[in-house]
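Here the structure is laid out as structure tokens; the discussion comes afterwards.
The values are calculated or read from the model by the stated rules, or taken from the named source; none is laboratory data. Quick caveat, the model's predicted, so the values are computed rather than measured. Every residue, glycine as well, gets a Cβ built from its backbone with ideal geometry; the counts of neighbours run over all protein chains shown.
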Amino acid sequence: MLEKLLNDSEFASMMHRNVYDLLNLLMQKNTQFDILVSTKFVSFTPELPQEIKANFNPSVILFSLAGYSLSSVEISKDEIKFEAGFGPDNFASVVSIPIGAIIRISIDENPILINFATFSPSDPKTKQERSKQIFLNNPKNRDIFKGQ
């Protein structure tokens, strides 16, 4: 029963809104905070050198947003972005994280929100391809896409 709820799209949407709203509130209050995120959903621009990435936990990464990183935060409906420095040489990179991939938000090591929803990215192209494939599974529909 619990697993069904954690994978439910309505529950995921509710958790997404809660994370989004809390991030915005923390930014309005200029409050330093930490976010714990699933490593596989984090992207870096430019990409981090391998010797830095090798030090990351393969499951989760904890980011502390304070100082310059906090002042560089941009929050959209679907993701949070911020600039951060990594490694001994403070390699600069923009970190992008889907809002739904944030597992925990904490202040001074005290959790203030835990996102229990199972995150799965929704790529419109993937959905379109899946829909097209279902359509093409019917032999009568295959001729429609011939020549394209």
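Being of a type in the set (Lys, Arg) and out of contact with any Asp or Glu (no Cβ under 7 Å at 6 or more places or on another chain) is the filter; apply it to the range 77-109 and report the residue that is farthest from Asn7 (Cα to Cα). Let's see the steps before the verdict.
Start the filter on the range 77-109 by keeping residues that are of a type in the set (Lys, Arg), which leaves 77, 81, 104.
Right, trim to out of contact with any Asp or Glu (no Cβ under 7 Å at 6 or more places or on another chain) and you get 77, 104.
Values: Lys77: 20, Arg104: 17 Å.
Across the range 77-109, the extreme among qualifying residues is Lys77.
Just give me the residues in the range 79-104 being over 13 Å from the mean Cα position of the chain (by Cα), surrounded by 15 or more Cβ atoms within 10 Å (Cβ to Cβ) and not polar (S, T, N, Q), in sequence order. Step through it out loud before you land on a result.
If we filter the range 79-104 for residues that are over 13 Å from the mean Cα position of the chain (by Cα), which is where we start, we get 83-94.
Adding the requirement that they be surrounded by 15 or more Cβ atoms within 10 Å (Cβ to Cβ) leaves 83-84, 86, 91, 93.
Answer for the range 79-104, where residues must be over 13 Å from the mean Cα position of the chain (by Cα), surrounded by 15 or more Cβ atoms within 10 Å (Cβ to Cβ) and not polar (S, T, N, Q): Glu83, Ala84, Phe86, Phe91.
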Within the range 9-31, residues being surrounded by 15 or more Cβ atoms within 10 Å (Cβ to Cβ) and under 16 Å from Phe116 (Cα atoms) number 8
Across the range 59-111, the tally of residues that are assigned to a loop (DSSP other than H, G, I, E, B), modelled with pLDDT under 95 and closer than 19 Å to Glu47 by Cβ stands at 4
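Going by what's in this entry, would Glu47 be described as acidic (Asp, Glu), out of contact with any Asp or Glu (no Cβ under 7 Å at 6 or more places or on another chain), in a strand (DSSP E or B) and over 24 Å from Met15 (Cα atoms)?
No; evaluated as a whole, the condition is false for this residue.
Can you name the residue in the range 4-39 that is under 18 Å from the mean Cα position of the chain (by Cα) and among the charged types (D, E, K, R) and, of all such residues, is farthest from Leu70 (Cα to Cα)?
For the range 4-39, the residue satisfying everything is Asp8.
When the residues of the range 52-78 are filtered to those that are over 16 Å from Phe33 (Cα atoms) and among the β-branched types (Val, Ile, Thr), which remaining residue is surrounded by the most Cβ atoms within 10 Å (Cβ to Cβ)? If you could, list the steps in order and put the result at the bottom.
First, pick out the residues of the range 52-78 that are over 16 Å from Phe33 (Cα atoms): 52-60, 76-78.
Right, trim to among the β-branched types (Val, Ile, Thr) and you get 52, 60.
Working: Ile52: 16, Val60: 14.
That would be Ile52.
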